[in-house]
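The structure under discussion appears below in the form of structure tokens.
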Amino acid sequence: MEMICSNFWIVDDDLSFGKSLRRMLNARGMAAEYFGSAQSFLDSVPPGQSGLAIVDIHMPVLDGFGLLKKMRDLRYEMPVIIVTGHADNDARDRAMQSGAGGFLRKPFSEESLMELVGKLEGDRSAA
């Protein structure tokens with residue numbers, strides 16, 4: 001199956017997590033860029049850019065829910081996967097109600113991420 005997603009945008013204030021996720025995606029032949037804050041992502045990636053964002057909930061200044069709202073307000077078209085190490089059912093429900101394409105609790109396996117990405121790709125190609 002050919003991936004529509006040409007870029008992965010990782011937004012997480014945890015440097016070691018972000019860099020390790022970027023390395024994992026790069027090792028699979030996928031382009032991935034890491035941002036340590038929501039604002040650095042917004043400053044670097046324009047709304048028309050294609051790809052898939054992987055966004056942590058708990059970040060200083062602008063958290064993952066705030067970034068998701070801002071992305072919707074600015075008309076970013078890319079799907080967003082919300083990730084967190086502090087999840088409860090309320091966070092999952094809030095992420096999905098806010099328009100996230102998926103939700104993963106850290107630590108997650110490479111397989112669970114790729115399965116979710118494949119599902120989101122299938123949803124986008126069917127639309």
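The values are calculated or read from the model by the stated rules, or taken from the named source; none is laboratory data. Note that this is a predicted model, so its numbers are computed, not measured. Note: ideal-geometry Cβ built from the backbone for every residue, glycine included; neighbour counts use all protein chains shown. With ligands, DNA and RNA removed, areas are computed over all heavy atoms of the protein, side chains included. Shrake-Rupley method; radii C 1.70, N 1.55, O 1.52, S 1.80 Å.
What the table below lists for this structure:
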| read-out | value |
| --- | --- |
| Solvent exposure of the chain as accessible area per residue, Å², 1.4 Å probe | 53 Å² |
| Glu77 accessible area, assembled protein chains, probe 1.4 Å, Å² | 130 Å² |
| Whether region 1-70 is rounded, prolate or oblate, judged on the alpha carbon gyration tensor where a/c under 1.5 counts as rounded | oblate |
| Estimated Rh, the chain: Kirkwood, alpha-carbon pairs, angstrom | 14.5 Å |
| Relative contact order computed over region 16-127 (Cα-Cα under 8 Å; 6+ residues apart), in percent | 19 percent |
| Angstrom value of the Kirkwood radius, inverse mean 1/r, which spans all Cα pairs in region 67-127 | 12.3 Å |
| Residue order for Met24, Met78 - accessible surface, 1.4 angstrom probe, largest first | Met24, Met78 |
| With every protein chain in place, the chain: carbon and sulfur % of accessible area (1.4 Å) | 49 percent |
| Among Ser6, Leu120, Gly48 - extreme Cα towards positive end, dipole of the chain, charges at beta-carbon | Gly48 |
